[in-house]
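None of the figures in this text is laboratory data; all of them are computed from the coordinates on show. Note that this is a predicted model, so its numbers are computed, not measured. Positions of Cβ are backbone-derived with ideal geometry, glycine not excepted, and every protein chain shown enters the neighbour counts.
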Amino acid sequence: MEGMEMEVEEAEPTPNPKHSKRFGLKNSIQTNFGDDYVFQIAPKDDLTSMAVSLSTNTVKLYSPATGQYLGELKGHSSTINQISFSGPTTPNVLHSCSSDGTVRAWDTRSFHQVSAVNAGPSQDIFSFSFGGSGDNLLAAGSKSQIFFWDWRTKKQIACLEESHMDDVTQVHFVPDHRNKLVSASVDGLMCMFDTRGSINDDDHLESVINVGTSIGKVGFFGEASQKLWCLTHIETLSVWDWKDARIEVNFDDARLSASDSWALDQVDYFVDCHYSGEGDQLWVIGGTNAGTLGYFSVNYKGKGTIGSPQAVLHGGHTGVVRSVLPLTGMRDGPTHARGIFGWTGGEDGRLCCWMSDESSDVNRSWISKELAIKSPRTRKKSRHHPY
């Protein structure tokens, strides 16, 4: 990529600099030149490509190692709410769901759609997950409903209508328990289902957890994936033991706790949580409206605390960040991608690549010439609807 050099701001002091590392911007890609957003970045299993969903209802593919543009997937007629690569048996297949009511499968070599299921034109699909025997059971969250299809036949086999009263923002099969499904909703409830047999609301709902406010994102972590983290639309964080339906810690003031642990601007929102089995470490990723990110360590045992950021990503984005893809620690990554900490994408339409190799020149960034041309329109800095 032909580019121009630009200085990145020097690190500002943090309350605990010994445990905080600042990462340099290696590369920045402008995915578009309008007011379009990056929604999500999803990695291929072997990290040879990454998919990026955009607010143009398209998915673009890039190389995580070089940032090279590989192609795009077009077909959805409304907002793409989730993307995910398939497992090792079909590594070149990407799945996506959309507010157009469909879950689609794409061949990322030919950039063509290969199959799809349709819940109907009036059904937004906010999330999906594959599980069950052979991972052939597809669950999808919609408007107060959870749909189930047999992916082999594309036949709808169940629809749960009584467990939630509002949009189902998340569905996830438990990684180590492929017949267990958790759903989360704007109604503030998380429901756990056993999906074996003929699925229905009465016989297969095992437990209900009341978080008390609209749920944005959940994820599993810990030994045997027994723990569950939950981020809400009012930016609170809680940790649960889903087997016992028991709360372990609740951070009602998570943003304040994170803001108090660094010397930068206040934390305005949370993007995601990441977990490392090495050291049993959970991080919550918080961001500012100006685009700075922090990896804040979470101690979820006992009273629970949110500590100083162990990583700060600063100088790449100019707006809200929507997605973070870490490459460090993900199967060590491909050899040619080592030294890259990860990628981020946001409402400024940018993809930013961050260096983690301390021997590299991390105080400089390379930005394509088009990025020097600023849009004359003023961008709002407010948090947008999350799904």
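With neighbours defined as other Cβ atoms within 10 Å of a residue's Cβ, the residues SER77, SER129, SER225 order from fewest to most as SER77, SER225, SER129. Applying 0.36 nm per residue to the separation of ARG109 and LEU70 and subtracting their alpha-carbon distance, the gain on full extension is 13.1 nm. Counting beta carbons within 10 Å around each of MET165, MET50 and listing the fewest first gives the order MET165, MET50. Net length available on complete extension from ASP166 to ASP265 is 32.2 nm, with 0.36 nm assigned per residue and the Cα-Cα distance removed. Using 19 Å as the cut-off for backbone N distance, which residues of region 218-258 belong to the label zone defined by a point 7 Å from the Cα of VAL208 along Cα→Cβ? Hits in region 218-258 for VAL208 at 19 Å: 241-247. Using a cut-off of 30 Å between Cα atoms, the listed pairs LYS44/LYS180; LYS74/LYS143; LYS60/LYS243; LYS143/LYS180 include LYS60/LYS243 as exceeding that distance. Within region 212-281, the GluC sites (Glu not before Pro) that combine a DSSP coil assignment with at most 10 other C-beta atoms in a 10 angstrom radius are GLU278. Between ASP135 and LYS155, what FRET efficiency comes out of the Förster formula 1/(1 + (r/R0)^6) with R0 = 22 Å and r the beta carbon distance, rounded to 0.05? So the FRET efficiency works out to roughly 0.85. Extension gain for ASP194 to ASP241 (0.36 nm times residue separation, less C-alpha to C-alpha distance): 15.3 nm. By other beta-carbon atoms within 10 Å, ranking LEU54, LEU231 with the fewest at the front produces LEU54, LEU231.
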